[in-house]
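**Student:** Got a structure for you, written out below as structure tokens; questions coming shortly.
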Amino acid sequence: MITGWIMENLPALLLAVPMLGAILTPLVGKVSEKGRNAWVLLVSLAALCVAALLTNEVLSSGTVIYTFGAGTPASAIPADSGGLPFRIIFTVDAMSVFMAISASIVGFAVTLFSIAGDSKMSGKDSFYALLLLMQVGILGMVCTGDMFNFFVFLEINSLAGAALVASRVDKGYAVEAGLKYAVLSTLGGLLVLFAVGLFYGQYDALNMAVIADSMQFGVLDKIALVLLLVALAMKSGAVPMHFWTPDAYSMAPSSVTAFLVVASQASLYGVFRVVFTLYNVTLDYATIGWIIIILGVLSMFIGVTMAIPQKDVKRLMAYHAVSQTGYMLLGVGVGLAVLGNAAMMDAFGMTAMEGGLFHIINHAMYKGLLFLTAGAIFYQAGTRNLNKLGGLGHEMKWTMVFFIIGALAIAGIPPFNGFASKLMIYESVFMFSPILSIIAMVVSILTLASFVKVFHSMFMGPKLPEYEGVREVPRYMLAGMGILALLVILFGVFPQQVVDFLITPAATALVDQGSYIAAVLGGGA
Amino acid sequence: MIYNLPFIAAGLIIIIGIVMMVTKKNLIRIVMGLALVEAGVNLFLVATGYIENGIAPIFTNSPGGEMVFPTVQAMTLTNIVIGIATTALLLSFVMIIYKKYGTVDVDKTGRLKG
Amino acid sequence: MAVIETLNTGFGSWNPLIWLAAFIIAIILAWFIWLRGESDYRKGTEQTKPFISGNAEPEKGEVHVRGGNMYWGFTNALEDYYERLVPLHSGILTDYILWFLGVMAIVMILVLGGGLI
């Protein structure tokens, strides 16, 4: 009976578990520190389990609709409403669960790492509460089917994120980064809300399916599209709106940085959802596709060239995060640019999209792993400056192994997961435009070059006298990194299975606007 | 025409807020600009829900006539709450920056760069 | 067999397991070649000390090539590019907002004006 209830309310539980966990965390923390750590881990694990169950449910029996406040969750349209679904509806399709499972895995690994890694910090009760709230924001953004609800979760995500970035004040530097992040995301969020208002004014609806169904693509819709597209692209860190990314990523505690990567990807999900589900058939594919492709190529190239001269290891990795976001934009942008052409879509468009989406989950894993290793280094050596570090490989062997795995994966070296998704992107983009594919490969080479530098200056060289007392990090931190490293290898060795199981359904769900609308409104809309 | 006035006012407030954010040098004024943008968006939202001669959607002792659909009002209230939280967070950031850096000039608080 | 499935990329295919097998075979071969070499290495003798043409060994900190020295040539060759790019990352909040609004304005013109092509 209880299992039936759980299965019925999975989308609500996905949010309720981390939210309740977040609210109770400070209370549990009053009682005992150990208890709070166990509690946070438990909540994070429970959220992961719910996400896994939901993934299984959606992938086996199709899109799940959850109507809040209705008699039964599946009844989206009340009988006396004249066919309008005015309640808040969660529309969880294959794309949503794909993002949710990726966020939950990283969330769990980050929590595990953070238990030991951030133990020196003060104010840990609120730290963990905010971490769980950020997870609520991310999961809500990817699951909701309501535009205003999307905005609310976007704000939860940004506010929790900004507070976490600033949590280690660090002589004011971290607060400066937090301020920049908060101001930009709030401005972006308000423009998103303005676009939502434009939709409401025209269609008297907030539900994405309803808006998509009655989309006219008039002038106001075009303005709304630009506001949503640019604001969410800024939140996901696309060049030339990426300036906040290195600041925020480098000053946040490492566990938070690994999670911020997922938070940015939730905004990227927003871009894709808006373009494919809200507009889709009405769009001028070539224009929007090329705008996304140009943003992607700029992100790839400028991100990686800015990374090469960096001296702070986390700032360097942050620029790489910008650069990798470019691959996702490029892959999905190519898919969008040929969306109207069925022959080209079959030939390479679908593969490009799958490559771009596959890169999202791969990036969450290996970039999370890399930021966690940077955190482990900072935990032991007390500095992130590459000019000061050196010779740590003698003592921190496990951290070094995890770093190598992450670095090879991000550079696209087989058999790690970065290679699988990059290969899909290279080959499909080559059919679209060879020059773009060549740029992507050059960026990969530069990525490898810059990680060779990081590897050499952190781990290689003789044992330095200033790091005499450095030992391997505590087991919890190793476990957090280990989970991600294991997934990096698994996804790299069995890419086709992952693509078949998660990625193809997600790409199909994204492209197929009709079934998204039909899932909410019913019938053959 | 007269019914478009709220929209024009909302647009003006948003533009004033944005101009303030990019021209003022004091961090507190930038936060104020952001608050203005938020007020403008709120006004815009409320204005979209206006119906001529509409009455409040309260069924008890209702005088009859067309009722407005209270979605936008609910949205605005939500956004006001979010806005308060954001502004409070931002101002506390500015406070800490002033304590640590000794200045709230936006040109002098850009220490993370390159 | 499902386990040794190849990743279809639309253009070609990639099978990590076959690649991995080839890699392992290559490592085993390399190990065999290594085994056939001279084994006169002794730990803790003069052999393991660095030999710098008979000069005394400098301090450990001096030997290590620090991160900042790497890719000096690369950044130096692209100096023009970096001199333009790095100052854009000014760290000033106002600039960040202006970039955001600027991109929004450009995209707005592109979308409302009928597109790129």
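**Student:** I need the Kirkwood Rh of the range A:176-295: take the reciprocal of the average 1/r across all distinct C-alpha pairs and report it in angstrom.
**Tutor:** With all distinct Cα pairs of the range A:176-295 included, I get 15.1 Å.
**Student:** For C:42, C:84, A:168, A:475, give the ranking by accessible area with the largest first, probe 1.4 Å.
**Tutor:** In descending accessible area the options line up as A:475, C:84, C:42, A:168.
**Student:** Between 0 and 90 degrees, rounded to the nearest ten: what's the tilt of helix A:397-410 against the longest Cα principal axis of chain A?
**Tutor:** The angle comes out near 40 degrees.
**Student:** Ordered by residue, what ³J(HN,Hα) values in Hz, to whole numbers, does the range A:159-168 give under the Karplus form 6.51 cos²θ - 1.76 cosθ + 1.60, where θ = phi - 60° and Gly and Pro are x?
**Tutor:** Each residue of the range A:159-168 in turn: 5, 4, x, 5, 5, 5, 4, 7, 5, 9 Hz.
**Student:** While we're here: Which of B:42, B:53, B:61 moves the most in a Gaussian network model of chain B with Cα springs under 10 Å?
**Tutor:** B:61
**Student:** When the C-alpha atoms of the range A:284-493 are aligned to their principal axes, what extent does each axis show, in angstrom, from largest down?
**Tutor:** Result, largest extent first: 62, 32, 22 Å.
**Student:** Place +1 on the Cβ of every Lys and Arg and -1 on the Cβ of every Asp and Glu in the protein assembly as shown, take the dipole about the Cα centre, and give the residue among A:148, A:370, A:505 whose Cα lies farthest towards its positive end.
**Tutor:** Projecting each Cα onto the dipole axis, the largest value belongs to A:370.
**Student:** Short version: ³J(HN,Hα) in whole Hz for each residue of the range A:87-96, in order, from phi by Karplus 6.51 cos²θ - 1.76 cosθ + 1.60 (θ = phi - 60°), x for Gly and Pro, what are they?
**Tutor:** 7, 6, 10, 8, 10, 9, 10, 4, 5, 5
**Student:** Hey, another quick one. Which ³J(HN,Hα) values, rounded to whole Hz and listed in residue order, are derived for the range A:412-424 from phi using the Karplus coefficients 6.51, -1.76 and 1.60 in 6.51 cos²θ - 1.76 cosθ + 1.60 with θ = phi - 60°, glycine and proline given as x?
**Tutor:** After applying 6.51 cos²θ - 1.76 cosθ + 1.60, I find x, 9, x, x, 8, 5, x, 5, 4, 6, 5, 4, 4 Hz.
**Student:** Sticking with this one: Mind checking the dipole of chain A: about its Cα centre, +1 per Lys or Arg Cβ, -1 per Asp or Glu Cβ, Debye to the nearest 20?
**Tutor:** Using only the charged Cβ atoms, the result is roughly 1660 debye.
**Student:** Let me ask something else. Roughly how many Å is it from the Cα centre of the range B:13-90 to that of the range A:284-327, as a whole number?
**Tutor:** If you average the Cα positions of each part, the centres end up 35 Å apart.
**Student:** Rank by packing, highest mean first: peptides B:11-19, A:273-281, A:387-395, with packing defined as the count of other Cβ atoms within 10 Å averaged across residues.
**Tutor:** Those peptides, ordered most packed to least, come out A:273-281, A:387-395, B:11-19.
**Student:** Report the relative contact order of the range A:233-387, percent, no decimals, based on alpha-carbon pairs under 8 angstrom and at least 6 residues apart. All intermediate terms of the calculation are to be shown ahead of the outcome.
**Tutor:** On the way: 217 pairs, mean separation 45.2, N = 155.
RCO, the range A:233-387: 29 percent.
**Student:** Continuing with the same structure: Would you tell me the mean number of C-beta atoms belonging to other protein chains that fall within 10 Å of each C-beta in A:305-315, as a whole number?
**Tutor:** Working: counts 7, 6, 0, 6, 11, 3, 4, 3, 1, 0, 2.
The mean count of partner-chain Cβ atoms within 10 Å per residue comes to 4.
**Student:** So who's got an amide H within less than 5 Å of the one on residue B:67, skipping anything under 5 residues away but keeping other chains? H placed 1.01 Å off N, in plane.
**Tutor:** B:55
**Student:** Local charge sum around residue A:94 (other residues, Cβ-Cβ under 14 Å, Lys/Arg +1, Asp/Glu -1)?
**Tutor:** Net charge in that neighbourhood comes out at -4.
**Student:** Tell me, what does the Kirkwood hydrodynamic radius of chain B come to in angstroms if you use every pair of distinct C-alpha atoms? Show your work: numbers first, answer last.
**Tutor:** Details: mean 1/r = 0.0604 Å⁻¹.
By the Kirkwood definition, the hydrodynamic radius is 16.6 Å.
The values are calculated or read from the model by the stated rules, or taken from the named source; none is laboratory data. None of the values given here were measured: they were computed from a predicted structure. Glycine also receives a Cβ, built like all others from the backbone with ideal geometry; neighbour counts cover every protein chain displayed. The protein model used for the area step is the full one, side chains on, heavy atoms only, and it has no ligands, DNA or RNA in it. Shrake-Rupley method; radii C 1.70, N 1.55, O 1.52, S 1.80 Å.
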